[in-house]
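Enquirer: What follows is a structure written as structure tokens; I'll ask about it next.
The values are calculated or read from the model by the stated rules, or taken from the named source; none is laboratory data. Just so we're clear, the structure is a prediction, and the values are computed from it rather than from any experiment. With ideal geometry, Cβ positions are generated from the backbone for all residues, glycine too; neighbour counts draw on all protein chains shown. The protein model used for the area step is the full one, side chains on, heavy atoms only, and it has no ligands, DNA or RNA in it. Shrake-Rupley method; radii C 1.70, N 1.55, O 1.52, S 1.80 Å.
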Amino acid sequence: MLKASIIIPVFNAASYIEETLRSIFAQSFTDYEIVIVDDGSTDGTSEIISTFSDPRILYLYQTNSGRPAVPRNRAIRESSGDIIFIFDSDDVMLPDKLGKTVELLTLAPSAGLAFTGFACIDESGKIINPNFLAPYHTLSKLPKTQISDSGFLIKSHAALKGLASANYLGTSGVAIRREVFDTVGFFDEQVRNSDDFLMWQAIASQYDFAYTPELYHHYRVRSGSISLRRIEERAPGLIACVEKMKRYHAHDADSIRLLDEKIRRYHFEAGYSYFSQYQLRDARRSFLQALKKRLDRQTLRYLALTMLPASVLSKLKHLKTLASN
């Protein structure tokens with residue numbers, strides 16, 4: 001029987017870590033350890049974790065790194081399991097997640113990674129999206145081989161090509177064989193966000209994926225989430241990450257075009273956000289970067305508008321609002 005390691009990077013997780021841990025202890029599969037790396041919490045997270053006396057918990061504290069890959073990598077290095085379950089400190093495991101995922105990887109010896117479906121909950125625990133991956137056309141269209149009643153194998157080349165289009169994995173739904181890290185390395189600590197998306201592509205370049213659409217965790221959407229921050233704050237990190245993704249698609253021109261289009265879109269969205277705030281110099285810089293990837297009328301139009309004074313743009317916006325009412 002394979003042993004599981006559940007790695008949980010935490011930062012100021014006092015509001016949710018107890019529920020997260022209780023959901024793990026409720027699993028039917030019990031041959032696991034929980035490796036928690038506290039990335040400098042200041043809110044009493046450690047006190048809550050200390051109330052659990054289960055010897056399967058390993059708690060490690062470190063000075064805040066500011067990057068999710070750092071505590072994640074330390075947890076992997078400190079773990080001893082055959083299968084590494086990636087889990088977030090505010091998410092909730094659903095029954096049989098561990099056992100079903102271990103079973104899925106046992107049925108798919110060529111798979112380096114397994115992932116599952118999941119639902120989204122809000123800060124109070126209310127379900128706000130009952131099946132997050134259901135509408136993902138990229139995932140549904142990937143060629144799959146059925147290996148059990150609800151389990152499928154996605155070959156490496158298909159999994160990788162799909163990732164050029166969309167990140168169809170939820171981080172807390174992922175389990176990775178330990179030996180995979182010896183082959184592809186650890187999470188990239190230089191990128192500020194999307195280090196998980198980058199890792200999925202590194203794994204897909206070498207290994208098949210196993211997948212079940214069954215729902216096995218609740219992903220909590222929080223107001224302070226990185227993914228909800230303004231695009232101009234996130235764009236530089238996202239762009240840097242996508243540039244790194246290209247190494248795994250070097251021989252696939254279609255995938256490179258898709259990744260370049262992502263970069264163009266991030267530049268445009270950042271430019272539009274700056275433009276909406278009348279930060280015209282920053283908007284102009286972003287629009288110019290977008291145009292380097294592809295010329296299009298919309299970006300050219302907004303670039304031209306950044307040449308106007310903010311006072312004129314404000315009046316034009318006011319007139320447009322009046323005309324639409």
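Enquirer: Which count do you get for residues in region 158-176 that are closer than 24 Å to residue 98 by Cβ and open to solvent by 30 Å² or more (accessible area, probe 1.4 Å)?
Expert: 1
Enquirer: Can you tell me which residue within region 65-88, out of those that are among the hydroxyl-bearing types (Ser, Thr, Tyr) and under 19 Å from residue 189 (Cα atoms), is modelled with the highest pLDDT? Steps first, please.
Expert: First pass over region 65-88, keeping only residues among the hydroxyl-bearing types (Ser, Thr, Tyr): 65, 79-80.
Next cut, under 19 Å from residue 189 (Cα atoms) only: 65, 79.
On the way: 65: 93, 79: 98.
That would be 79.
Enquirer: If you don't mind, another one. Quick check on region 200-223. Is at least one of its residues surrounded by fewer than 20 Cβ atoms within 10 Å (Cβ to Cβ), more than 26 Å from residue 147 (Cα to Cα), out of contact with any Lys or Arg (no Cβ under 9 Å at 6 or more places or on another chain) and without any contact (Cβ under 8 Å) to a residue 40 or more places away in the chain?
Expert: no
Enquirer: A follow-up question, please. Which condition from (1) over 28 Å from residue 4 (Cα atoms); (2) touching a residue at least 24 places away in the same chain (Cβ under 8 Å); (3) not hydroxyl-bearing (Ser, Thr, Tyr) is the one that residue 127 breaks?
Expert: Just one mismatch for residue 127, condition (1).
Enquirer: Sticking with this one: Output the number of the condition that residue 101 fails; it satisfies all remaining conditions of (1) open to solvent by 30 Å² or more (accessible area, probe 1.4 Å); (2) among the polar types (S, T, N, Q); (3) under 23 Å from residue 118 (Cα atoms).
Expert: (1)
Enquirer: Identify, by number, the condition in (1) touching a Ser or Thr at 6+ places or on another chain (Cβ under 9 Å); (2) open to solvent by less than 40 Å² (accessible area, probe 1.4 Å); (3) not in a helix (DSSP H, G or I) that residue 196 doesn't meet.
Expert: If we test residue 196 against (1) touching a Ser or Thr at 6+ places or on another chain (Cβ under 9 Å); (2) open to solvent by less than 40 Å² (accessible area, probe 1.4 Å); (3) not in a helix (DSSP H, G or I), just (3) comes out false.
Enquirer: Do we find a residue being open to solvent by 10 Å² or more (accessible area, probe 1.4 Å), among the small types (Gly, Ala, Ser), more than 18 Å from residue 208 (Cβ to Cβ) and part of a loop (DSSP other than H, G, I, E, B) anywhere in region 141-157?
Expert: no
Enquirer: Additional query: Report yes if residue 240 is surrounded by 12 or more Cβ atoms within 10 Å (Cβ to Cβ), assigned to a helix (DSSP H, G or I) and within 17 Å of the chain's Cα centre (by Cα), otherwise no. Step through it out loud before you land on a result.
Expert: Numbers: surrounded by 12 or more Cβ atoms within 10 Å (Cβ to Cβ): yes; assigned to a helix (DSSP H, G or I): yes; within 17 Å of the chain's Cα centre (by Cα): yes.
For residue 240, the condition - surrounded by 12 or more Cβ atoms within 10 Å (Cβ to Cβ), assigned to a helix (DSSP H, G or I) and within 17 Å of the chain's Cα centre (by Cα) - is met.
Enquirer: From the set of residues in region 153-164 that are of a type outside the set (Val, Ile, Thr), in contact (Cβ under 8 Å) with a residue 24 or more places away in the chain and in contact with a Leu (Cβ under 6 Å, 6 or more places away or on another chain), which is nearest to residue 197 (Cα to Cα)?
Expert: 164
Enquirer: Within region 1-89, considering only strands (runs of 3 or more DSSP E) that don't extend past its boundaries, which have at least 2 residues that are among the aromatic types (Phe, Trp, Tyr) and open to solvent by less than 30 Å² (accessible area, probe 1.4 Å)? Steps first, please.
Expert: Details: elements: 4-10, 32-39, 57-62, 83-86.
It comes to none.
Enquirer: Does region 112-139 hold any residues that are out of contact with any Pro (no Cβ under 9 Å at 6 or more places or on another chain) and either small (Gly, Ala, Ser) or open to solvent by less than 30 Å² (accessible area, probe 1.4 Å) (or both), and which are they?
Expert: 112, 113, 114, 115, 118, 121, 124, 125
Enquirer: Still on this model: Counting residues that are open to solvent by less than 60 Å² (accessible area, probe 1.4 Å) and among the small types (Gly, Ala, Ser), which helices (runs of 4 or more DSSP H) fully inside region 245-325 reach at least 2?
Expert: Qualifying helices (runs of 4 or more DSSP H): 253-276, 280-293, 310-324.
Enquirer: Further question: Condition check: in a loop (DSSP other than H, G, I, E, B) and touching a Lys or Arg at 6+ places or on another chain (Cβ under 6 Å). Does residue 112 satisfy that?
Expert: For residue 112, the condition - in a loop (DSSP other than H, G, I, E, B) and touching a Lys or Arg at 6+ places or on another chain (Cβ under 6 Å) - is not met.
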